1. What number does chain A give for Rg over Rh if you use C-alpha atoms and the Kirkwood radius?
2. Whole-Hz Karplus ³J(HN,Hα) for segment A:75-80, in order, using 6.51 cos²θ - 1.76 cosθ + 1.60 and θ = phi - 60°, x for Gly and Pro?
3. So what's the Cα pair-distance distribution over segment B:1-49, bin width 5 Å, in %?
4. Quick check: the angle from helix B:3-17's long axis to the longest principal axis of chain B, C-alpha only, nearest 10 degrees?
5. Taking amide H positions as placed 1.01 Å from N in the peptide plane, with prolines and chain starts having none, which residues 5 or more places from A:Asp43, or on another chain, fall under 5 Å of its amide H?
6. Counting alpha carbon pairs within less than 8 Å and at least 6 residues apart, what relative contact order, in whole percent, applies to chain A?
7. Calculate one ³J(HN,Hα) per residue across segment B:41-58 by plugging θ = phi - 60° into the Karplus curve 6.51 cos²θ - 1.76 cosθ + 1.60, and present them in order as whole Hz with x for glycine and proline.
8. Based on the alpha-carbon gyration tensor of segment B:19-81 and its eigenvalue square roots a ≥ b ≥ c, which shape applies: rounded if a/c is under 1.5, prolate if not and a/b is larger than b/c, or oblate?
Amino acid sequence: MELDALNALIDEISGLGATLVAVSPQAADINKAFREEKKLRFDILSDPGNAVAHQYGIRHRLPDDLTALYTKFGINLPEFNGDDSWTLPMPACLIIDAAGVVRHTDINADYTIRPEPTDTLAALKTVL
Amino acid sequence: MTLQEKMDAYKKDFLTKVPKEALKVIHRATEQLANSGLVEQAIQVGSAAPQFTLKNSSGEAQSLSGLLANGPMVLTFYRGKW
């Protein structure tokens, strides 16, 4: 849902001279299939073990009762992500300027709350 | 519909399908994370974005500096398709 919503704004983002990139712990082949299925017009980068998410301070490990529940539901993260860590990134949307400085962050511990892409676009305009 | 409206509709549907016990586990995990202080410790505005090189879905290595060569970047961290 979130990537679809961002995809809808890709022309405007590119029009502003910016790049849109997603980072996910999923294996590259899963990202590829997903990208094709959703016809996403931006790259998804594979972040094994959430090592980069960790550098950005947003990696967290799921508690054991939750990992047991996910396994029961067929959400087999070790299989999708190719590692046993049961870690995930907190949903986060960052804007980084051309000098490599973080200019905007939208990070939430509640994964059911996602940055509104139109808000991200508005924030991007202030960064240019 | 905004993204949040779509997500709220999905969440409403989800809540009707998932057993109460499971919802408790999920809710507790989210609460724990919110109380852990991780959000406050995460990267802040004004910091230098840590360098990285990761493979895209075609197997090509993409570096942060390469991606920033032509302008700013919107970087979104995505949990997964599930």
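1. On the way: Rg = 15.4 Å, Rh = 15.8 Å.
Across chain A, the Cα-based Rg/Rh ratio is 0.97.
2. 8, 9, 4, x, 6, 5
3. 4, 17, 13, 16, 18, 16, 9, 5, 2
4. Tilt of helix B:3-17: around 40 degrees.
5. For A:Asp43, the qualifying residues are A:Ala22.
6. Values: 153 pairs, mean separation 27.2, N = 128.
Across chain A, relative contact order equals 21 percent.
7. 8, 5, 4, 10, 4, x, 7, 6, 5, x, 5, 7, 9, 10, 8, 7, 6, 9
8. Values: a/c = 3.86, a/b = 1.80, b/c = 2.14.
Note, shape of segment B:19-81 comes out oblate.
Read-outs: derived from the displayed coordinates by stated rules, not from any lab. Source: prediction; values computed, not measured. Don't worry about glycine lacking a Cβ; one is built from the backbone with ideal geometry, like all the others, and counts go over all protein chains shown.
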